[in-house]
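Contents: one structure, followed by commentary.
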Amino acid sequence: MQYRTLGRTGVQVSSLALGAMNFGKIGRTTQAEATALVDAALEGGINMIDTADAYSGGESEEMVGKAIAGRREDVVLATKAGLPMGDGRGHQGSSRRWLVTELDNSLRRLDVDHVDLYQIHRWDPSTGDEETLSVLTDMQRAGKIRYFGSSTFPAYRIVQAQWTAREHHLSRYVTEQPGYSILQRGIETHVLPVTEQYGLGVLVWSPLASGWLSGAIRAGRDITTSRSTFLPDRFDTAIPANRAKLDAVERLATLADEAGLSMIQLALGFVTAHPAVTSALIGPRTLDHLHSQLAAADTVLTADVLDAIDKIVAPGTDLAAHEKHDTPPALLTPALRRR
């Protein structure tokens, strides 16, 4: 396992981090299975675990808390807030009112007195940066969080938040958590140059592209991955974007074979090769999944392999741009670009 400094914090984190989105009903994972995954991850050298309040309605946080009981100081613990929690009005977003309430809820579910990294799960267009940064700064000073970061923010919002922190003498986001994989390289165009400019740590999610790069999806096979059961449109190969992904996967599989690598090694080695990336978040549902991903922990791709990947999916290209979560709202909602 490789270890890297998380932005400018001085905190050392593993180049692979354990994502806990599959803990609970989303991944149909029991507490015993979640604890076994945490045990094996820590034994494999992973020292960072990332969860969120919205994962299975808080169940993931509860499972993580039970799994790390008695060894809290061995873990760099990260969680997130901002996505809807139930149907209650105001039970979402990044206002002071909600974040103060929801951090206490997360600490209770995790059964800890602080988290190391507290992240805003998505940019909240209804709340000003000063409002959010001021409450995060207060919670940091109160000792409930050590650092805070953003998740899936557009590049211009990362810049705006950095400016607001400086202008109002507030603490700043020290990390960003974007989606990134060989098939979705759009963040190379704007987001990663910005995170490098401001010295942010980068924790990338979905490095296996929701299973497309796991080796389980190939031409001529039925797609039966867990993710395909509840996101069928993202795996229907009659859709042009998905056909483009499948064509790329076939070429990548040939490249991996020629390089003596598994698809997982190729995929994880690619994202961790970028100098702006600190860690890749892996989200295994089973121990077999975890062990296959841990096998890629020390993979270093040669320049020839990286160049070959660039020829299959060009730098800065998203093969499924419509799946992005950091698109400015006005590009998605016509009313926001009409007078």
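List the GluC sites (Glu not before Pro) in segment 1-101 that DSSP assigns to loop (not H, G, I, E or B) and whose Cβ has at most 16 other Cβ atoms within 10 Å. Which are they?
none
Give the span of segment 173-213's Cα atoms along each principal axis, as three whole-Å numbers ordered largest to smallest.
Dimensions of segment 173-213 along the principal axes of its Cα atoms: 32, 18, 8 Å.
Pick out, in residue order, every one of the trypsin sites (Lys or Arg not before Pro) in segment 4-50 that is DSSP loop and has at most 12 other C-beta atoms within 10 Å; say none if there are none.
Answer by residue number: ARG8, LYS25, ARG28.
Specify the inter-centroid distance of segment 36-94 and segment 176-198, based on alpha-carbon positions, in whole Å.
Going from one Cα centre to the other spans 24 Å.
Which length gain, in nm to one decimal place, applies between GLN2 and ALA219 when the Cα-Cα distance is subtracted from 0.36 nm times their residue separation?
Value of the extension gain: 74.8 nm.
Can you compute the FRET efficiency between ASP39 and ASP307 using 1/(1 + (r/R0)^6), with r the Cβ-Cβ distance and R0 = 45 Å? Round to the nearest 0.05.
Efficiency, from the Cβ-Cβ distance: 0.70.
So, R0 is 30 Å and r is the distance between the beta-carbons of ASP257 and LEU231; what FRET efficiency does that work out to, to 0.05?
So, using R0 = 30 Å, E works out to roughly 0.60.
Leaving out ligands, DNA and RNA, and with a 1.4 Å probe, what % of the accessible surface on the chain is carbon or sulfur?
Its accessible area is 50 percent carbon and sulfur atoms.
Once you have a ≥ b ≥ c as the square roots of the Cα gyration tensor eigenvalues for segment 283-335, tell me rounded if a/c is under 1.5, and otherwise prolate or oblate according to whether a/b is larger than b/c.
Taking the square roots of the gyration eigenvalues as a ≥ b ≥ c, segment 283-335 is oblate.
If the chain between LEU332 and VAL100 were fully stretched, how many nm would it gain, using 0.36 nm times the residue separation less the Cα-Cα distance?
Value of the extension gain: 80.5 nm.
Per residue, how much accessible area does the chain show when a 1.4 Å probe rolls over the protein heavy atoms, in square angstrom?
44 Å²
Counting other C-beta atoms within 10 Å, and keeping those with at most 15, which DSSP coil trypsin sites (Lys or Arg not before Pro) do you find in segment 205-307?
ARG218, ARG221
Which label marks the calculated value of Cα Rg over 2.2 N^0.38 Å, given the options [x] 1.14; [y] 0.96; [z] 1.31?
[y]
How big is the dipole moment of segment 219-339 about its Cα centre under a simple scheme where the beta carbon of each Lys and Arg is +1, that of each Asp and Glu is -1, and everything else is neutral? Debye, nearest 20, please.
With Lys and Arg at +1 and Asp and Glu at -1, about 760 debye.
Assuming a ≥ b ≥ c are the square roots of the Cα gyration tensor eigenvalues, decide whether segment 19-82 counts as rounded (a/c under 1.5), prolate (otherwise, with a/b larger than b/c) or oblate.
Judged from the Cα gyration tensor, segment 19-82 comes out oblate (a/c at least 1.5, b/c at or above a/b).
For the pair ASP247/ARG28, report the inter-label distance in nm, with labels modelled 7 Å from Cα in the Cβ direction.
That separation, rounded to one decimal, is 3.4 nm.
Based on DSSP H runs of at least 4 residues, each adding -39500 (n - 2.57), what is the mean residue ellipticity at 222 nm of the chain after dividing by all its residues, to the nearest 500 deg cm²/dmol?
The per-residue figure over the chain is -11500 deg cm²/dmol.
If you look at just the Cα atoms of segment 223-292, how large are its Rg and its Dmax in Å?
Rg, Dmax (Cα atoms, Å): 14.0, 36.
The values are calculated or read from the model by the stated rules, or taken from the named source; none is laboratory data. If you're wondering where the values come from, they're calculated on a predicted model, not measured in any experiment. Cβ sites come from the backbone with ideal geometry, for glycine too, and all protein chains shown count toward neighbours. Just so you know, the surface numbers come from the protein's heavy atoms only, side chains and all, with ligands and any DNA or RNA stripped out. Shrake-Rupley method; radii C 1.70, N 1.55, O 1.52, S 1.80 Å.
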